[in-house]
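K.L.:
Here it is, the structure in full.
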Amino acid sequence: SRAVRVGNIVAVGGTTAGSGGNMVGVGDPAQQTRAILDIIGKALQDAGARFEDVVRTCIYLVDIAHWEAVGRVHGEVFGDIRPAASIIEVSRFINPDWLVEIEADAVIPSAGG
């Protein structure tokens with residue numbers, strides 16, 4: 001599943017910038033991050049959440065040197081929200097064109113508070 005909602009919790013699974021002919025940003029970690037966050041935003045919306053509800057993100061990179069470019073784009077979306085965030089270098093992804101994968105967890109506020 002792209003995202004699962006249980007009660008007021010939404011977990012968005014590892015999201016990449018596409019695959020095959022739908023790949024976005026080959027060789028460009030910032031462009032991939034923008035595409036990933038668009039996909040995550042849609043998944044959150046479909047589950048009844050918003051970026052403002054995100055409490056945690058986990059960013060996986062095949063090259064830790066990309067952290068600044070990816071972090072800049074992450075900050076464009078989450079700068080004022082400030083979720084707990086991790087950046088982890090991994091050895092590889094299933095698709096060698098993927099440079100970035102992101103997970104997100106959100107907590108939807110209850111109607112009363």
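K.L.:
Condition first: farther than 16 Å from LEU61 by Cβ and among the hydrophobic types (A, V, I, L, M, F, W, C). Now tell me which residues in segment 24-39 satisfy that.
P.N.:
Answer for segment 24-39, where residues must be farther than 16 Å from LEU61 by Cβ and among the hydrophobic types (A, V, I, L, M, F, W, C): VAL24, ILE39.
Residue by residue, here is whether (1) open to solvent by less than 60 Å² (accessible area, probe 1.4 Å); (2) within 19 Å of PRO83 (Cβ to Cβ); (3) without any contact (Cβ under 8 Å) to a residue 24 or more places away in the chain; (4) part of a strand (DSSP E or B) holds:
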residue	(1), (2), (3), (4)
GLY13	yes, yes, no, yes
GLY21	no, no, yes, no
VAL26	no, no, no, no
ILE36	yes, yes, no, no
ALA49	yes, yes, no, no
ARG56	no, yes, no, yes
ILE59	yes, yes, no, yes
HIS66	yes, no, no, no
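The rows are residues; the columns are (1) farther than 30 Å from ASN8 by Cα; (2) modelled with pLDDT under 95.
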| site | (1), (2) |
| --- | --- |
| ILE64 | yes, no |
| VAL73 | no, no |
| VAL77 | no, no |
| ILE81 | no, no |
| ARG92 | yes, no |
| ASN95 | yes, yes |
| ILE102 | no, no |
| VAL107 | no, no |
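For every residue, the table says whether it meets (1) of a type outside the set (Gly, Ala, Ser); (2) within 14 Å of GLU103 (Cα to Cα).
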| position | (1), (2) |
| --- | --- |
| ALA3 | no, yes |
| GLY7 | no, no |
| GLY14 | no, yes |
| PHE51 | yes, yes |
| VAL54 | yes, yes |
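K.L.:
Which ones in segment 68-113 are open to solvent by less than 60 Å² (accessible area, probe 1.4 Å) and assigned to a helix (DSSP H, G or I)?
P.N.:
Result: ALA69, VAL70, GLY71, VAL73, HIS74, GLY75, VAL77, PHE78.
K.L.:
If ILE94 meets every condition in (1) more than 18 Å from GLN31 (Cβ to Cβ); (2) touching a residue at least 12 places away in the same chain (Cβ under 8 Å) apart from one, which number is that one?
P.N.:
(2)
The values are calculated or read from the model by the stated rules, or taken from the named source; none is laboratory data. Treat the numbers as computed from the prediction; the structure is a model and nothing was measured. Cβ sites come from the backbone with ideal geometry, for glycine too, and all protein chains shown count toward neighbours. All accessible areas refer to the heavy atoms of the entire protein, side chains included, with ligands and DNA or RNA removed. Shrake-Rupley method; radii C 1.70, N 1.55, O 1.52, S 1.80 Å.
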